[in-house]
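Below is one structure, written out as structure tokens; the observations come after it.
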Amino acid sequence: GYQLHDFVTLLRFDPCISTNSVNPDTIFANNEMSLQDIEIYGFDYDYTLAFYSSHLHTLIFNIARDILITKHRYPEGLRKYEYIPNFAVRGLHYDVQKALLMKIDAFHYIQLGTVYRGLHPVPDEEVIAMYEGCHVPLENMSDFYGKSSHGHTMKQFMDIFSLPEMTLLSCVNDFFMKHNIDYEPVHLYKDVKEAIRDVHVKGIMYRAVEADIDKYICYGEQSQAVLNKLSEHGKKMFLITNSPLTLCKGMSYIVGKDWRDLFDVVIVQADKPSFFNDRRKYVCQCVALLWDRIHRLEKGQIYKQGNLYEFLRLTSWRGSKVLYFGDHIYSDLDLTLKHGWRTGAIIPELRKEIKIMNTEEYMHMMTWLQALTGLIEHMQVHRDPASSSVVQEWIREREAMMTKDIFNLRRHLHAQQSFPRRTPLQQGVSLFGLRQSCCPERLATGHVQML
């Protein structure tokens, strides 16, 4: 046998092999930043200042499902379907023409074992046959903001509100397949998209939340204290959200009835991501039922729509003195390259994934995976039959390990700071000591470790 045998056994089973665990409450920095240099703090509302309970996804799913039945005349049997928590995660792609939900990596390769038709996985052989391999051409992918247009058959779901939409798409596909109903996948996608849009745009969801705010919004007791501290230190604050005017009750619940006094600018129904790119919409002031175009942004008022270019013109809040928090990896956080703002990403999924990474099982498997990769790299130069046989066995074992759920973690690298908890404000008041610096962890080689 090989002399490597005992070494391999040691790597696989030695209980002393471990790595330092990661604190789930850590703020991860992709770029160095000093809070002392930040003069203006900006926030999104949904899943940034307001964190919703799991009941909200069920609410969105149920309302959209019923809209499909009543408005679009879908079969009554769809009412038997209920929201399935943890069925989908953010970042998945949906092939609009083939009605398939899947995970595609950063190099546009379909991850085998992640492709679902309806509520059931599609065999790898069938996936490879349909796509003539695993690669999806760039021209088929949705654009940077996750929107699909003509010729872009792959829609990517990037915000947390997308979870009930993906689940509803899968449930409707499942119903049609079970009952042998012929349907056009593109029309199904458009109908579900419109139903989900109605839930938000027509204010149905927000009215339901307002009617039972304790059920749907999680109260963050430190939020008001942190916002007050920022205000006391002379920091400017603004709120830009797609939510309608009804967010006032939510903000009063989270921050207090005097929440408007804390923000220098509040813009609702901003229609992001168009807000960041479209110069055509002008900001208007909400006065009773009148929407008048304005030429100066005043504290204590609430404004509607507009665009970022006009916002920058009216406020002069440009460059690295601005720190903006949001939860949408693309539309909220693509501000650094275009306008020089610093950005903070709210990524609730990180907390769960960090806990998985801290488990003994994950650490041992990762240690063995790294060792196995090194062994393959060193042994693959040997061409004799015995060496080739061992290398092929290791390759098969490595491939099998990579398909395990424990390694199926997402990596979000777009924002400069990442917060795994509910909101940046719930990291504690001490976080905003206003003199702290957030620094990226660097490897021994000096390269930034992207977390």
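The values are calculated or read from the model by the stated rules, or taken from the named source; none is laboratory data. Keep in mind that what you see is a predicted model, and the values were worked out from it rather than measured. Cβ placement follows ideal geometry from the backbone for every residue including glycine, while neighbour counts extend to all protein chains displayed. Remember, those area values only see protein heavy atoms, side chains included, never the ligands or the DNA or RNA. Shrake-Rupley method; radii C 1.70, N 1.55, O 1.52, S 1.80 Å.
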Check on L11, under 24 Å from the mean Cα position of the chain (by Cα), outside the structural domain of Y330 (by the TED database) and modelled with pLDDT under 95: no
Criterion: at pLDDT 50 or above and farther than 30 Å from K229 by Cβ - qualifying residue of T48, T26, T19: T19
Residue in the range 113-120 that is at pLDDT below 95, open to solvent by less than 60 Å² (accessible area, probe 1.4 Å) and over 23 Å from R65 (Cα atoms) present: yes
All positions within the range 259-281 that are charged (D, E, K, R) and at pLDDT below 90: D271, K272, D278, R279, R280, K281
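What residue, among those in the range 285-308 that are assigned to a loop (DSSP other than H, G, I, E, B) and modelled with pLDDT under 85, is most open to solvent (accessible area, probe 1.4 Å)? Give the steps one after another, and end with the answer.
Within the range 285-308, the first condition is being assigned to a loop (DSSP other than H, G, I, E, B), and the residues that meet it are 288-289, 294-302, 306-307.
Checking the rest, the ones that are also modelled with pLDDT under 85 come to 288-289, 294-295.
Numbers: A288: 96, L289: 157, I294: 15, H295: 140 Å².
Checked the range 285-308; the qualifying residue most open to solvent (accessible area, probe 1.4 Å) is L289.
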Sole exception among (1) open to solvent by 20 Å² or more (accessible area, probe 1.4 Å); (2) among the small types (G, A, S); (3) at pLDDT 95 or above for A195, by number: (1)
Given (1) crowded, with 20+ Cβ neighbours inside 10 Å; (2) at pLDDT below 95; (3) farther than 16 Å from D95 by Cβ; (4) of a type outside the set (A, V, I, L, M), number of the condition S162 does not satisfy: (3)
Test result for Y74, assigned by the TED database to the domain that holds M130, closer than 18 Å to M205 by Cβ and part of a loop (DSSP other than H, G, I, E, B): no
Test: residue in the range 229-245 that is in contact with a strand residue (DSSP E or B) (Cβ under 7 Å, 6 or more places away or on another chain), among the aliphatic types (A, V, I, L, M), farther than 23 Å from H57 by Cβ and open to solvent by 50 Å² or more (accessible area, probe 1.4 Å): yes
Any chance E125 is at pLDDT 95 or above, out of contact with any helix residue (DSSP H, G or I) (no Cβ under 8 Å at 6 or more places or on another chain) and open to solvent by 20 Å² or more (accessible area, probe 1.4 Å): yes
Pairs where the first residue, in the range 42-67, is on the phi > 0 side of the Ramachandran plot and the second is open to solvent by less than 10 Å² (accessible area, probe 1.4 Å) and part of a strand (DSSP E or B), C-beta under 9 Å, 6+ apart: Y47/G326; Y47/I346
Test: residue in the range 156-173 that is without any contact (Cβ under 8 Å) to a residue 40 or more places away in the chain and within 25 Å of K272 (Cα to Cα): no
All positions within the range 385-395 that are open to solvent by 30 Å² or more (accessible area, probe 1.4 Å) and either small (G, A, S) or at pLDDT below 90 (or both): A386, S388, S389
Pairs where the first residue, in the range 182-202, is of a type in the set (D, E) and the second is crowded, with 17+ Cβ neighbours inside 10 Å and not in a helix (DSSP H, G or I), C-beta under 8 Å, 6+ apart: D191/Y74
Failed item in (1) modelled with pLDDT under 90; (2) not assigned by the TED database to the domain that holds F275, with Q224 passing the rest: (2)
Evaluation of H200 against (1) more than 21 Å from the chain's Cα centre (by Cα); (2) of a type outside the set (G, A, S); (3) at pLDDT below 95; (4) not in a loop (DSSP other than H, G, I, E, B) (one fails), failing number: (1)
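Every residue, every condition in (1) among the small types (G, A, S); (2) open to solvent by 20 Å² or more (accessible area, probe 1.4 Å); (3) modelled with pLDDT of 85 or more, yes or no:
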{"position": "F325", "(1), (2), (3)": "no, no, yes"}
{"position": "D332", "(1), (2), (3)": "no, no, no"}
{"position": "P348", "(1), (2), (3)": "no, yes, no"}
{"position": "M357", "(1), (2), (3)": "no, yes, yes"}
{"position": "W368", "(1), (2), (3)": "no, no, yes"}
{"position": "R383", "(1), (2), (3)": "no, yes, yes"}
Residue count for the range 24-47, restricted to those that are in a strand (DSSP E or B) and within 21 Å of V265 (Cα to Cα): 5
Any hit, the range 101-110, residues being outside any loop (DSSP other than H, G, I, E, B) and either open to solvent by 40 Å² or more (accessible area, probe 1.4 Å) or among the small types (G, A, S) (or both): yes
